[in-house]
Structure formats: C-alpha cells, structure tokens
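Quick notes on the structure that follows.
Quick note: the coordinates plus some simple rules give every number you see, no bench work behind them. Remember, it's a predicted structure, so these values are computed and weren't measured experimentally. As a convention, Cβ positions derive from the backbone with ideal geometry for all residues, glycine included, and neighbour counts pool all protein chains shown.
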Ligand SMILES: [Cu+2]
C-alpha cells in the first residue's frame, strides 16, 4: 500500500490522463462508452517508453469490464479483422500508439450499463512486476 500512494497522487495531479511509472507514460487515454446494445467498446492511448529497457504489457483488467484485451486490426484475405495481442512490448526509447484503425484496447462485457462521463479504471500489469492504474471518463463516440 505504501508504494501505491505516489501512484494515486500522480493520477490526481495529472488530471487522470497521463501517468508515469519508471519511464512509461500513458498519454491521452480515451475510452468510448459502449454503443447502445453493444457488449464491447474501444480505448486508445499513446504509450511512451522513455526508459532504457523494453517493457511488455502482460495483462490489463478493469473493474468496470469482465475483460480487457489489446487488439490489432489486420487485413486477412482482404477483410479487416481484429487479432488479439497476448503481450504488447514497447521497445526502449520508443512509443506505441493505440489508435483507431490500428492497435487498440478492447473492453469487453461491461459489468453494468456505462454512459458518457462514467469513470473507467484500467489496471495495467507490466513485465517489470509493476502495476499501473489509469482512470478516465468514458466519452461519447459521436
Ligand atoms: Cu478490437
């Protein structure tokens, strides 16, 4: 719990859209409220690794969703499909953008009805045995 306090303060100080953890920063986190009747929605962020080591995201969870996956949109036999990425590595001194049409967060099976403005938390497990908690407010897709 001792270790969590600086993280919580960092979240409060940065207005919840950016968090630095030993050189890893998640910028511009955006999560859409699911469309009416949909059990999935997407999230985007720009992940910057300023550290001297590659970092891998090993898992992501959210208290508001039953599961969170990282997907990549790939063209397979001429058809755009989403492929799950089991572990996303951000090389040292590089960034990986999760953005519309490319890699993205897929938030699956909301535990309750989520509307615009609802707080969404993401718990991100990194390869260095670090856990980063992000939070943002769901935005409307339109
Ligand atoms: Cu997806």
Problem set entry | Full-stretch length increase - residue 123, residue 80 - with 0.36 nm per residue and alpha-carbon distance subtracted | 12.6 nm
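Let me know the shape class of the range 15-142, please: from the alpha-carbon gyration tensor, a ≥ b ≥ c as square roots of the eigenvalues, rounded when a/c is under 1.5, otherwise prolate if a/b is greater than b/c, or oblate. Spell out each step's value before the answer.
Values: a/c = 1.83, a/b = 1.24, b/c = 1.47.
Cα axes put the range 15-142 in the oblate bin.
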Exercise. By how many nm would the segment from residue 28 to residue 40 lengthen if fully extended, with 0.36 nm per residue of separation less the alpha-carbon distance?
Worked result: 2.3 nm
Exercise. Rounded if a/c is under 1.5, else prolate if a/b beats b/c, else oblate: with a ≥ b ≥ c from the C-alpha gyration tensor eigenvalues square-rooted, which is the range 77-117?
Worked result: oblate
Exercise. In percent, how large is the relative contact order of the range 4-137, given Cα pairs closer than 8 Å and 6 or more residues apart?
Worked result: 29 percent
For this session: Take the alpha-carbon centre of the range 33-75, take the same for the range 90-131, and report the distance between them in whole Å.
Result: 3 Å
Exercise. What FRET efficiency do you get for residue 142 and residue 89 if R0 is 35 Å and r is their Cβ-Cβ distance, rounded to the nearest 0.05?
Worked result: 0.55
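Among 65, 44, 142, which comes first, second and so on when ranked by fewest other beta-carbon atoms within 10 Å? Could you put the intermediate results ahead of the total?
Details: 65 27, 44 17, 142 6.
By the 10 Å Cβ count, ascending, the order reads 142, 44, 65.
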Problem set entry | Residue exposure sequence - 93, 71, 104 - by fewest surrounding Cβ within 10 Å | 93, 71, 104
